[in-house]
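Everything on this sheet refers to the single structure shown next.
The values are calculated or read from the model by the stated rules, or taken from the named source; none is laboratory data. Computed from a predicted structure; not experimentally measured. Please note: Cβ atoms are built from the backbone with ideal geometry, for glycine as well, and neighbour counts cover all protein chains shown.
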Amino acid sequence: MKINKYINMSNNLLKLYGDILIIRIDIVRKPIELLLQKNLFLFNDTPYDKLFRLQMICTLNNDIIILIEKNETINIYILNHFFINSKTELINVNISNNLTINTILNNTINKYGETLFYKYDINISNNCQEFILMILNSNNLNNDELQKFIKQFKESIFKKWPTIKNVSNLLTIIYSNIKIVSDK
């Protein structure tokens, strides 16, 4: 596994827990309204409730719960507390294979390549929703119900509000550079 592409915290978690069997996977979808309200407050008619942040939660057979998400970098965390509010939605992924976090990530890199896997861009096929879909597809876990739950129609939103796309990309680049520098 090419773990040198992850931030240090994610590398450390992959070394500790990456080869432990996954017993449950859930996909989380929640509006990104807080991020947008903090960073895009200039836009009064922005559709905060129509853009979602997607994450994958993997429960391991040692009861450790790991959250995987793709923002400006791929983040892998131990999930000690998870708060669900009225706008948070979860869907369970049916798993029947003996999968580990390292297995699902390696399968995804092998199928899609490092560029799509590691690089983030809200406009094209390497944003949070595409990242989750790539993981599901690479590990034969996707189905119509999951596809419908995950897939957002951001193109129509970005067409109506093009400034969201531009500001979001700028913020992503800035935050990614800050995170990489502070991780060293």
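All but one of (1) more than 15 Å from the chain's Cα centre (by Cα); (2) at pLDDT 95 or above; (3) not β-branched (V, I, T) hold for N137; which doesn't?
(1)
List the residue pairs whose Cβ atoms are under 6 Å apart, where the first residue sits in the range 49-76 and is modelled with pLDDT of 90 or more, the second is of a type in the set (K, R), and the two are 6 or more positions apart or on different chains.
What qualifies is L54/R29; T59/R24.
Just give me the residues in the range 76-101 being more than 24 Å from K148 (Cα to Cα), part of a strand (DSSP E or B) and under 16 Å from the mean Cα position of the chain (by Cα), in sequence order.
Those that are more than 24 Å from K148 (Cα to Cα), part of a strand (DSSP E or B) and under 16 Å from the mean Cα position of the chain (by Cα): I76, Y77, I78.
Can you give me the number of residues within the range 140-160 that are at pLDDT 90 or above and among the acidic types (D, E)?
Residues flagged as at pLDDT 90 or above and among the acidic types (D, E) within the range 140-160 amount to 2.
Where residues in the range 120-134 are surrounded by 17 or more Cβ atoms within 10 Å (Cβ to Cβ), assigned to a loop (DSSP other than H, G, I, E, B) and not polar (S, T, N, Q), which of them is farthest from the chain's Cα centre (by Cα)?
Within the range 120-134, the match that is farthest from the chain's Cα centre (by Cα) is I122.
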